[in-house]
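Notes follow the structure.
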Amino acid sequence: MPGTMALHPWWPSTLPHPHLPFELLAYTAGFQLFLWQRRRRRDSVDSAENRGWLTVAALCGAAIGAKVLFWLEDPTWTAAHLTDLPALMTGKTVVGGFLGGWSAVELAKSRLHIAHSTGDVLVLPMVLGLILGRLGCFFRASTTPPTEPRCRGAWTWVTGFPDILQLFTKSYFCSGSPLS
């Protein structure tokens, strides 16, 4: 399917479809930054076993949360595709991944009797991964027709981003605060 769509004008047609390379880059760069930060700063988790359990909890929770929130995003679509497993396996949400991962880590921390913060070394890697991954979504979403209901939100984000940036800039410079 991705090969049959027109690519974003900024993306060279000689390169592979941009979504997968950017997603892989996001995971790889984020993980490498995590490893670098963990070596540079003292890890707040006391043992490798506990770090392993927290990592498993984060990955499983993020995978489940990303999928569940995707299904809840459009209950009508989800109900119509309950018997279509390939359709149900498409899509995921970043917010669902964050919420699911965070919830699972907090549950694992309570079972492991860890009361202190354990995610400080993950903040920058998550931000880097989010930025790189959203670039892939930007190029992918811009190749999907706005009439396709599962992609309408991403299409709106892509075409509406200059308007949002302009509105933010005007509100910041005219009122002194972007939230005024």
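The values are calculated or read from the model by the stated rules, or taken from the named source; none is laboratory data. Note that the structure is predicted; figures quoted are calculated from it, not measured. Reconstructed Cβ throughout: ideal geometry from the backbone, glycine too, with neighbour counts over all protein chains shown. Areas reflect the complete protein model, heavy atoms only, side chains present, ligands, DNA and RNA absent. Shrake-Rupley method; radii C 1.70, N 1.55, O 1.52, S 1.80 Å.
Out of everything in the range 18-56 that is farther than 16 Å from D120 by Cα and among the aliphatic types (A, V, I, L, M), what residue ends up being least open to solvent (accessible area, probe 1.4 Å)? In this case the residue turns out to be A26.
Restricted to the range 89-108, and to residues there that are out of contact with any helix residue (DSSP H, G or I) (no Cβ under 7 Å at 6 or more places or on another chain) and surrounded by 13 or more Cβ atoms within 10 Å (Cβ to Cβ), the residue that is nearest to Y27 (Cα to Cα) is F98.
No other residue among D46, D120 is under 22 Å from A26 (Cα atoms) and acidic (D, E) apart from D120. For the range 111-125, the tally of residues that are open to solvent by less than 70 Å² (accessible area, probe 1.4 Å) and either at pLDDT 85 or above or assigned to a helix (DSSP H, G or I) (or both) stands at 7. Beta carbons closer than 6 Å, at least 6 apart along the sequence or on distinct chains, pair a first residue in the range 76-100 that is over 18 Å from E23 (Cβ atoms) with a second that is modelled with pLDDT of 90 or more and part of a loop (DSSP other than H, G, I, E, B) for A87/H81; L88/H81.
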